[in-house]
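The values are calculated or read from the model by the stated rules, or taken from the named source; none is laboratory data. Just so we're clear, the structure is a prediction, and the values are computed from it rather than from any experiment. Heads up, the Cβs are rebuilt from the backbone with ideal geometry, glycines too, and the neighbour counts pull from every protein chain shown.
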Amino acid sequence: MTSAVRTVKIAPSILSADFSRLGDEIRDALTGGADLLHLDVMDGHFVPNITFGPPVVKSIRSSTDAVLDCHLMITNPTQYVEAFCDAGADWVSVHVEAPDDIHEALAKIRAKGARPGVVVNPDTPLEKAEPYLDETGFVLVMSVFPGFGGQSFIGDVLDKVRGLKKLGYEGEIEIDGGIDPTTAPLAVEAGCDVLVAGSAVFGKDDRASAIRALREPRQA
């Protein structure tokens, strides 16, 4: 009897793309087989770095029909989630560590017709996310600390992925940080459905080959 093969989605993170030719970079990734685009939004407060806001999301939206997955690393998501939805975000995730009303933020995302998600940092226990699971379509598990690229994969976070499965969580589980052809199989085996990858895609000349290396079918 043959086991079912689970299809894993690949979400290249545009922060690793060449912003001087972002439109071409996005088309190259999508032509190469990417399923969605991961947009990391940093406010310089919740995390040290600053990236971009709704105007850039709107610009990207005007150039592609791809699913835009906005990861909001911001302190006050309730103030901004609607603006990101209006700009064209399809998935919007907020950190459970943010000192804000996460229930309200998720409700605002749903009201805009976007898919709400919560994010947990590597040192945040899964229990912190449990009050919100019924309100989400996905959970993003950080496998590095947010704010900087190029960090090494933290394997212990896979226990959170397994924990979500044990809880019977029915939404998709996304993982972000240090994903490459070596760590991707570990994440998939643990139960991840969506792999965010930055340099592992945009750091390669052949994006199609890079994406295939991440998504090689494995037995569920």
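Selection of segment 140-166 for residues being without any contact (Cβ under 8 Å) to a residue 40 or more places away in the chain and of a type in the set (A, V, I, L, M, F, W, C) yields M142, V144, F145, F153, I154, V157, L158, V161, L164. Can you find a residue that is buried (at least 19 other Cβ atoms within 10 Å of the Cβ), of a type in the set (S, T, N, Q) and at pLDDT 95 or above anywhere in segment 19-34? Checking segment 19-34: not a single residue is buried (at least 19 other Cβ atoms within 10 Å of the Cβ), of a type in the set (S, T, N, Q) and at pLDDT 95 or above. Among the residues of segment 166-180, count how many are over 22 Å from R27 (Cα atoms) and over 11 Å from the mean Cα position of the chain (by Cα). Counting residues in segment 166-180 that are over 22 Å from R27 (Cα atoms) and over 11 Å from the mean Cα position of the chain (by Cα) gives 7.
One residue is enough: does segment 84-103 have a residue meeting the conditions closer than 22 Å to G147 by Cα, hydroxyl-bearing (S, T, Y) and either buried (at least 22 other Cβ atoms within 10 Å of the Cβ) or in contact with a Gly (Cβ under 6 Å, 6 or more places away or on another chain) (or both)? Scanning segment 84-103 turns up at least one residue that is closer than 22 Å to G147 by Cα, hydroxyl-bearing (S, T, Y) and either buried (at least 22 other Cβ atoms within 10 Å of the Cβ) or in contact with a Gly (Cβ under 6 Å, 6 or more places away or on another chain) (or both).
Has segment 67-77 got at least one residue that is over 18 Å from the mean Cα position of the chain (by Cα) and outside any loop (DSSP other than H, G, I, E, B)? Taking every residue of segment 67-77 in turn, none turns out to be over 18 Å from the mean Cα position of the chain (by Cα) and outside any loop (DSSP other than H, G, I, E, B).
D100 falls short on exactly one of the conditions (1) outside any loop (DSSP other than H, G, I, E, B); (2) more than 26 Å from A208 (Cβ to Cβ); (3) in contact with a helix residue (DSSP H, G or I) (Cβ under 6 Å, 6 or more places away or on another chain), and that condition is (1). Can A29 be described as outside any loop (DSSP other than H, G, I, E, B), over 24 Å from E135 (Cα atoms) and not acidic (D, E)? Answer is yes for this residue. Just one of the listed residues (I154, I211) is surrounded by fewer than 20 Cβ atoms within 10 Å (Cβ to Cβ) and closer than 26 Å to T51 by Cα, and it is I154.
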